Structures are given as structure tokens and as C-alpha cells.
Amino acid sequence: MIRRRGIFWPLGFVLAIGAVSLCADANYEGGRSLAGPFLLLLGAVPLGIGFMSGVIEFFQFGGRWIGGLWAEWLQKPWLVLITGYGLNLFALPALAWAHDLWVALLLLACERLGRGIRNPVKNHLLSIAGREMGHGQAFGIYEILDQTGAVIGPLFLAFWLLAHSLRTAFLILIVPALLAMAGLVVAYRFSPETRPAQPEGRDQAAEQAWKNVKKRAFLRWAAVLAAAGGSYLFIGYALMAHPHWSTSSVAGGFALVMACDGMGGLMAGLLYDRIGRLSLYVLPLFLALSMGLIFWGAGALQWAGLALWGIQLGCQETLVPADFGSLRLPAGTRAFGSMGFTLGIGQMIGASLLGFLLAIGPALIPVWIACLCLVGGVFLSRYLKLGSAPTETLG
């Protein structure tokens, strides 16, 4: 099948862009699985790792804001998408030549920035596909393909490190990067129209005002969730403090996270299409449990915690954009960009606090996460109570 004017196969696009992300995730998730041990090798300290991981993640979410505005301004979403993928995919292989901590941090930030720039366009295109086939199903199918690559990358590097150096592990990531860029050509053939969705109803202005109220409530909840979530860069660094965790096992742990991420994302997408926004309640529950197992457990319990953390990550990466996309806000790429920027602020603040807690007492981390999850649950309940726009509001 090829792309024809006025015709869009939503499943074809989801599968094509999912295949691109399969190769892309093998690249950058493989590299990120080694980022924590690599920064430790270059001299990063516990107090700094939380702040640095937060700043690096902020580049991703700040990039989403930039990418959303850029796509709306240029009206060339695929130019933004390709630029973002290019920066995202070729930064981590360059770590093979990084011998200074600040150079490594800059490359990690560039990788996150590129991922952020292309994210609003990708999510907006998937949300358009979701109008035809269900938002949960579209994001769920994409997530399982996305996370297949995220499993392959870290798992391959875990075995690669048994016989090769850490720097050659980064260098080999150039192969999936080239495959992903080639795959974008195929994905373009299925590209949908990107015109903003028009509000439905007799009073469009009133309906849009109601959507903006829901958007603000959604972002308050999502920002708290992002602050509690942490990142594997932070988790991988913390695991290296245990004597039975090596660089190879940290990479293997990330492969487990990504496998559970994909399964959790697909199940969450199907659940969302069945029961709607009630499925959002699984996120804080899984997150609090997983952090408790990782930081309070040892051995098999930590591996179980990583599996559960991966499940909640997949749920989050599916449910958050799926529900936001279901609001059908106008200027979709800019709306997804603003959502990403808000999440970035939350994650940067949250990661900095996690770094502080790691320095003074890792056992305090699950307590702090549980408190944030309770606050997030309150915000989520308020968001869900908004429901649909009242008929009298819509005239």
C-alpha cells in the first residue's frame, strides 16, 4: 500500500512509525541503559546525579515544547520529525569518544532534546490515527513495537559487554540509527493529514473553554506523576551501589524494564478503550510499589521492582498521551508540546529531590514517591470529576 491523496490507513501508519521506533529505541534505550554506569566511570557523584538526570530529562520535555511550536509555525511536521530523530539517534554513538563528564552530559542532553523535538509530531499523528481505530489501541500497538526495540537494544548490549568495552557498545548503536532514518521514508507513505481538529457541538467556543479546563486539570496531575517517576539513568546509578549489580546486569535490568514496558503499554491501551479514564488509577499504584521493591528490596525483589516499574512506565507512556489526545485540542502539535514542557518541569524538580534523598538516605525514596502518588491521586480524582461538558454549557 502507498499513500494517496485523501486516503490514510491508520493501522499502516501506526505499524510503520512503530517499526521506526523499534529501531530508534534499540539505539537510544540501549545507550541509556549504560548511561548511569558510564557517568559513574567519569566521576559523577550521588548528589549530582539526581540533578543532572533531571536537567537531562528537562531537555527532552523542553524540546517537546520547542518541537510543538516549530511544527505549528513551519507547517512542515515531517521536517521537525526527521530533525528530531537525527539529533536523537546520533548523539549516543558519539559517547564512544567522550572522555569528560561534561561532554558526556552534553551528548545525553542532545539525545533527549532530539527525542523531545520529534515527540509532539509523532504523538499528534498517532492521535489522528486513534480517531479511526481507538486512541488506546493506536498508542498501545505503537508502544509494543516501540518497546520491542527498547528490549533488543539493552539486551544486545548486555551480551556485547561480556566480550567488548563500554565505548564500543556505544559505537555499535550507529547501526539501528541508520535503519530508523531509512524507515522514516516508509512511515511517510502512510502519513495522515495534520490539519487541526475542529471542536464539535453547537457552541464551539463554550466546548473549547471546557476542554481548556480539563487540560489544566490533566496537566496538574501529569506533572505530579512525572515528578514521582524518576528515570532509569537515576535507578541504574543507584543500583551500582549494590555489590551484586554490574554494568552488564544494569543493562540487562533495563532490558527487563523495556519488555515489561511494552506489555504494560499494550494492555493499558486496550484497557483504556474499554473502561476509559478509570484506567489512569493504575499508574500511581504501580509506581509506588515498584520504587519500594527497588530501594527497599535486594536480589530478586529488585528485579521484580524493575519489572513493575517497566509496567507502570508502559502504562504511563500509553495512557497519558492517549487521554490527552482524546481531548482533541486544536493546534495538536503545540498542545502536545506544552504538555511535554509541563511534564519536564515536574520531572526535573522531582529528579533533583530524588538525588538529594539518594545522598542522605536511599530508604527515604519510596516514602517520598508514595506521598507524591497520593497527591497525584487527589489531582486525578478532580480531573475525572470534570467528566463531559454540561449540556447547558454547550447550548
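Just so you know, all these numbers are worked out from the coordinates, no wet-lab data involved. Nothing here was measured: the structure is a model prediction, and the numbers come from that model. Methodologically, a virtual Cβ is constructed for each residue, glycine included, from the backbone with ideal geometry; neighbour enumeration extends over all protein chains shown.
Structure data summary
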| quantity | calculated |
| --- | --- |
| Separation in nanometres of the label points that stand 7 Å from Cα toward Cβ, at HIS244 and LEU101 | 3.0 nm |
| Packing-based exposure ordering (other Cβ within 10 Å, fewest first) of CYS373, CYS315 | CYS373, CYS315 |
| For region 91-99, Karplus couplings with θ = phi - 60° (6.51, -1.76, 1.60), whole Hz, Gly/Pro x | 6, 5, x, 5, 4, 4, 10, 8, 10 |
| Residue exposure sequence - ARG112, ARG220 - by fewest surrounding Cβ within 10 Å | ARG220, ARG112 |
| Normalised alpha carbon radius of gyration of region 251-364 [divisor 2.2 N^0.38 Å] | 1.18 |
| Kirkwood estimate for the chain, i.e. one over the average of 1/r between Cα atoms, Å | 20.9 Å |
| 3J(HN,Hα) from dihedral phi, region 21-30, Karplus parametrisation 6.51/-1.76/1.60, rounded to Hz, x for glycine, proline | 5, 4, 5, 5, 5, 4, 6, 7, 6, x |
| Taking the chain and dividing mean pair separation by its residue count, relative contact order in percent (alpha carbons under 8 Å, at least six apart) | 30 percent |
| Chain lengthening between LEU384 and PHE159 when straightened (0.36 nm per residue, less Cα-Cα) | 76.5 nm |
| By average C-beta atoms within 10 angstrom, highest first, the peptides 232-242, 247-257, 296-306 | 247-257, 232-242, 296-306 |
| Using alpha-carbon coordinates, inclination of helix 174-188 to the longest axis of the chain, degrees | 10 degrees |
